[in-house]
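One structure below.
Values quoted throughout were computed directly from the atomic coordinates according to the rules given, and no laboratory measurement underlies them. Here the structure is a predicted model, which means the values were calculated and not measured. Cβ sites come from the backbone with ideal geometry, for glycine too, and all protein chains shown count toward neighbours.
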Amino acid sequence: MAKMMAYATPGANHQHLNAFVGTFHCKVKFWMDPSAPAQESTGRMIATWMLGERYIQQHYKSQWMGQPFEGFGLMGYDNAEKKFFSTWMDTFTTGLFYETGSCDGSGKNFTLTGNNFDPQMGKKKWTKTTLEVISDNKHIMRMYSKGPDGKEMMTFEMIATKK
């Protein structure tokens, strides 16, 4: 029972996620082709703790490519696996995006990776997300994948500023 309680109790790693809680104005850039200019948009994300500060739920809304866009994600830290995790689903997909990883000792730089489905390629591919906490009111999320040449390239950037 003591092991189960330790596993179920939020700790210091959960507190590193506090920077991602709040209502944020988001500036987004998305690259479908690294040689082309980024597509840009703005949106709003509301992120709140849930289930006794074990998980953060994120709800995002914007306009993307002339259409309403909405997304939902969960972030947390798994005491048993000793890893941070992130899930994401949105109105432009029917699948679940999932990554796991770590943060540095300062709790300000997170790196998560996964293998997620790419509809353009018709198969799963390697993905990486970095989260950089700039301040209590601002963080930057960058997503990467491998291009046709096998080189890592940034495909997405979101600058989130707390309202």
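Before moving on, here are some points about what is shown:
- Bridging of LYS162 to aspartates and glutamates at a Cα separation below 16 Å is possible for GLU132, ASP136, once same-chain residues fewer than 8 apart are set aside.
- Cα-Cα over 30 Å, subset of LYS3/LYS163; LYS27/LYS124; LYS27/LYS83: LYS3/LYS163
- Taking label positions 7 Å along the Cα-Cβ direction at both LEU96 and THR23, the computed distance is 3.0 nm, reported to one decimal.
- In range of the label at ASN109: residues from the range 77-100 whose backbone nitrogen is under 14 Å from the point 7 Å along Cα→Cβ: none
- Taking every C-alpha pair closer than 8 Å and separated by at least 6 residues, the mean separation divided by the residue count of the range 18-162 gives a relative contact order of 19 percent.
- Simple spin-label estimate for LYS82 and ASP149 gives 3.8 nm between the two label positions (7 Å along the Cα-to-Cβ direction from each Cα).
- Structure-based [θ]222 nm, the chain - -39500 (n - 2.57) summed over DSSP H runs of at least 4, per residue, nearest 500: -1500 deg cm²/dmol
- Candidate values (1) 27, 19, 15; (2) 39, 14, 13; (3) 24, 19, 15 were compared with semi-axes √(5λ) of the Cα gyration tensor in Å computed on the shown model; the agreeing label is (1).
- Estimated at 0.36 nm per residue, the fully extended path between GLN120 and SER62 surpasses their Cα-Cα distance by 18.6 nm.
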